[in-house]
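Encoded as structure tokens, the structure appears first; notes follow it.
The values are calculated or read from the model by the stated rules, or taken from the named source; none is laboratory data. In this text the structure is predicted, and so the values were computed from the model without any measurement. Quick reminder, even Gly has a Cβ in these numbers, built from the backbone with ideal geometry, and neighbours come from all protein chains shown. What goes into the accessible areas is simple: the full protein's heavy atoms, side chains included, and nothing from ligands, DNA or RNA. Shrake-Rupley method; radii C 1.70, N 1.55, O 1.52, S 1.80 Å.
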Amino acid sequence: MPSPMEFESIEAPVTVKAYLMCAFAAFAGVLFGYDSGYISSVLGMPEFQRVYGHPTTHLVDGIVQHGFSYDTWQKSLIVSILSAGTFFGALISGTLADWLGRRTTIIAGCGVFIVGVVVQVAALSVAALVVGRLIAGFGVGFVSAVNILYMSEVAPRNVRGAIVSAYQFAITIGIMLASCVGYATKDRTDTGAFRIPTAIQFIWAIVLAGGLWWLPESPRFWVKKGRLDKAMVVLARVRGQPEDSEYVLHELAEIQANYEYELQIGQVSWLGCFGGGVWKRNSNARKVFIGTALQMFQQFSGVNFIFYYNTTFFQQVGIENAFLISLITTIVNVVSTPVSFYTIERFGRRPLLIYGAIAMTLCEFIVAIVGTVHPDSPAANYCLITFVCLYIFFFASTWGPAAWVVIGEIFQLPMRSKGVALSTASNWFWNCTIALLIPYMLDPAHGRAAGLGVRVFYVWAALCAACALFAYWFVPETKGLTLEQVDRMMEEVEARRSCGWRARERWARELGGGGEPVGSVGMVERKGGGGGV
């Protein structure tokens, strides 16, 4: 029986070339982040309000002033419709990824996205803008769901968390670039004020599609298709090893044997993704619950309230230089995310999710309390800016990347594309719901819940506390395990004890013997004594 140390040595060392190949796919985050972020600046531009809004009059210090604005429902629809398209795009991508391949589906998503951008730039009406963002959303759905799947399947396990975290880092860069472009064009008095930020999205789609054209398909996709020859070529390429390398042969045998074992249970249909019951430890339904709830709680943290509506929200609460403050928050988001490249592999996924949620809860309660006790004061505004930046730091270094990493790791191969698609669709469903509701929560002319202002942070704080509880009870630790070992670990131990699970044997078929696969036996190492499960 191989020792744990022998087992740990079977994966190839990570070369610089292999690392860069895996990491390039993270560039998809720039497309995703920019598309999500540019609308915040655009909504606050006078020229955008003139073209898409309607004439209004209002009193300022007893003086009637004329201007332009749009209704709350228009602002809500313009922002949220992208997420609605992305929700359906993510669901469709699960089938396309198994049919066309991971890489090809991402490239197709870039093509759909470009069509949506063309519609947004070409026609100047709320209807055309909504349709264009809906089409672009379908493309973003393809890219956001399948890109996580592709990166998780291609990346070496010892740096998988850092590589998938780079996707979140690219998202933050995209949001920051959108804020920079919006800040640069906000004072233009022609349609270039908002058309330039919109059109720049062409660049990100072309770069991503062009780069992926030269990258290989996922080796696990070729195993799923029964093309072991192509899987070996791809695996050798992404690991930077010759095709007959022992590292490549071991890893390919591991992937193949685990997939063949899972096929004995049968292929997983969309309906099968919900089989087994949520309370059964390693059931498909429980994995889908963890993945979809994880993405739901990521949205419940309130981060997209900041990045979708930060400019207009800062204007509403009386903060001067709202565009500049919004830009600062995006910069904090960018510089904080790389912290996770180290911490997610050093401390694991669970600690980041649990303690990150606790830290965000504290920051948001402080903002809400100070803003309620001292409304409209300079001290409250300074507090708002400071603790919003701290909140963004904790999100960007914990829940931002870790939620994406976990959903790329917890699903076994027969249902991985569908599981990741469902989880990503959950992200976009709640993203859309929150984007739709926020204007009605903040604008002072709608219902009992209206006009919350800074008190909306009470809502986000309570939801962040729920994030911490969910992570503690349900999210397993997947650090340092192959994707095949994660499935075995989830079968043997509950989430709270997953940090102690260790693999003792490789999951591999006895070659040439026609025997059954040999399971990757796990054990739980308890502090202060022996024992296992």
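Scanning the stretch 115-129 for residues that are assigned to a helix (DSSP H, G or I), open to solvent by 20 Å² or more (accessible area, probe 1.4 Å) and not small (Gly, Ala, Ser) returns Val115, Val118, Val119, Val121, Val126.
Per-residue answers, yes or no, for (1) closer than 23 Å to Ala145 by Cβ; (2) at pLDDT below 80; (3) exposed (fewer than 15 other Cβ atoms within 10 Å of the Cβ):
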position	(1), (2), (3)
Arg50	no, no, no
Gly53	no, yes, no
Leu77	no, no, no
Leu82	yes, no, no
Phe88	yes, no, no
Trp99	yes, no, yes
Phe113	yes, no, no
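Of all residues in the stretch 480-502, those satisfying the criterion of being within 25 Å of Ala253 (Cβ to Cβ), in contact (Cβ under 8 Å) with a residue 40 or more places away in the chain and either assigned to a helix (DSSP H, G or I) or not hydroxyl-bearing (Ser, Thr, Tyr) (or both) are Gly480, Leu481, Leu483, Glu484, Val486, Asp487, Met490, Glu491, Glu492, Arg502.
For the stretch 148-239, list the helices (runs of 4 or more DSSP H) that sit wholly inside it and hold at least 1 residues that are among the charged types (D, E, K, R) and open to solvent by 20 Å² or more (accessible area, probe 1.4 Å); which are they?
Numbers: elements: 160-185, 192-199, 201-213, 219-224, 228-239.
Ranges flagged: 192-199, 219-224, 228-239.
When you go through (1) touching a Gly at 6+ places or on another chain (Cβ under 6 Å); (2) assigned to a helix (DSSP H, G or I); (3) of a type in the set (Lys, Arg) one by one for Arg416, which number turns out not to apply? Among (1) touching a Gly at 6+ places or on another chain (Cβ under 6 Å); (2) assigned to a helix (DSSP H, G or I); (3) of a type in the set (Lys, Arg), the lone unmet condition for Arg416 is (1).
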